[in-house]
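Okay, structure first, notes after.
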Amino acid sequence: MNTLNILLIEDETTDQLLEKTLIAKGYSVTNTVPSETNIPSLAISNKTDLVIFNIDSPKKYFPHIHYLNRNQPLPIIIFAADDTSDTIKQIVKAGVSAYVVNGLETSRINSIINIAVARFKEQQRLTNELEKTKSRLEERKLIDRAKGILIKTRGFTEDDAYHTLRKLAMDRNIAIGEMAKNIIAMAELLK
């Protein structure tokens, strides 16, 4: 039994084959017609694990997809007929996990879902790693700026400034980056 909760968005013209296949394979499926609902709200309220679009073209759904990726990141699979290069560029930029053009073969649905989920998890891992790296770089800049203040105002060497900053942080039981922010704020206040 598959434990994924899938939000299935299908155009009115589809034959419901995808929904029947997903249910037969043990997925929990909420099917909706896109014109009848706010897709991001429905995804959030249903505790959706995966969103699948079975549509002619994804162009009109890009605002929904971007909103989901910003506010409720989920693996997204799109089955569509639109293979224009502009659409494909937008799909990649939107962070869609899988885009299948004219290829809805029910025998491959589990593989497509597994690959999309794995790709989504890897993308999330890379995004988190990038955010951590940016945060560390920002902290490093603050530490260097605070060291500069200590060197200029107290005549410390760079090593002395760093050790003083570290000791102050340890004495106050806060992160060194937070201590650096405090020193910078105090220097701004005393200007």
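The values are calculated or read from the model by the stated rules, or taken from the named source; none is laboratory data. Keep in mind that this is a model prediction, so the values were computed, not measured. Please note: Cβ atoms are built from the backbone with ideal geometry, for glycine as well, and neighbour counts cover all protein chains shown.
Some notes on this structure:
- Count of region 39-66 residues which are farther than 23 Å from residue 101 by Cα and touching a residue at least 24 places away in the same chain (Cβ under 8 Å): 7
- All of (1) in contact with a helix residue (DSSP H, G or I) (Cβ under 6 Å, 6 or more places away or on another chain); (2) closer than 28 Å to residue 95 by Cβ hold for residue 150 with one exception: (2).
- For the condition assigned by TED's automatic domain parsing to the domain that holds residue 94, closer than 30 Å to residue 128 by Cβ, in contact with a His (Cβ under 6 Å, 6 or more places away or on another chain) and touching a residue at least 24 places away in the same chain (Cβ under 8 Å), residue 77 does not qualify.
- Residue that is nearest to residue 6 (Cα to Cα) [pool: residues in region 66-107 that are assigned to a loop (DSSP other than H, G, I, E, B) and charged (D, E, K, R)]: 105
- Within region 147-163, residues that are of a type in the set (A, V, I, L, M, F, W, C) have Cβ atoms under 9 Å from residues that are modelled with pLDDT under 95 and part of a loop (DSSP other than H, G, I, E, B) in these pairs: 150/156; 151/157, counting only partners at least 6 apart in sequence or on another chain.
- Here 164, 106 are screened, and the one residue that is surrounded by 12 or more Cβ atoms within 10 Å (Cβ to Cβ) and closer than 30 Å to residue 29 by Cα is 106.
- Positions within region 3-32 being over 15 Å from residue 110 (Cα atoms) and over 28 Å from the mean Cα position of the chain (by Cα), in sequence order: 12, 13, 14, 15, 16
- Cross-chain or 6+ apart pairs with Cβ under 7 Å, region 108-123 first and assigned to a helix (DSSP H, G or I), then at pLDDT 90 or above and hydroxyl-bearing (Ser, Thr, Tyr): 116/97; 119/97; 120/97
- Pairs meeting the criteria (first residue in region 172-187 and closer than 19 Å to residue 153 by Cα, second residue not in a helix (DSSP H, G or I), beta carbons under 9 Å, at least 6 apart or on different chains) are 182/174.
- In region 167-180, the residues that are surrounded by fewer than 17 Cβ atoms within 10 Å (Cβ to Cβ) and either under 12 Å from residue 147 (Cα atoms) or among the small types (Gly, Ala, Ser) (or both): 175
- When residues in region 85-102 are screened for being among the hydroxyl-bearing types (Ser, Thr, Tyr), touching a Lys or Arg at 6+ places or on another chain (Cβ under 9 Å) and over 13 Å from residue 123 (Cβ atoms), 1 of them pass.
- Per this entry, residue 126 is not counted among residues that are assigned by TED's automatic domain parsing to the domain that holds residue 174 and of a type outside the set (Lys, Arg).
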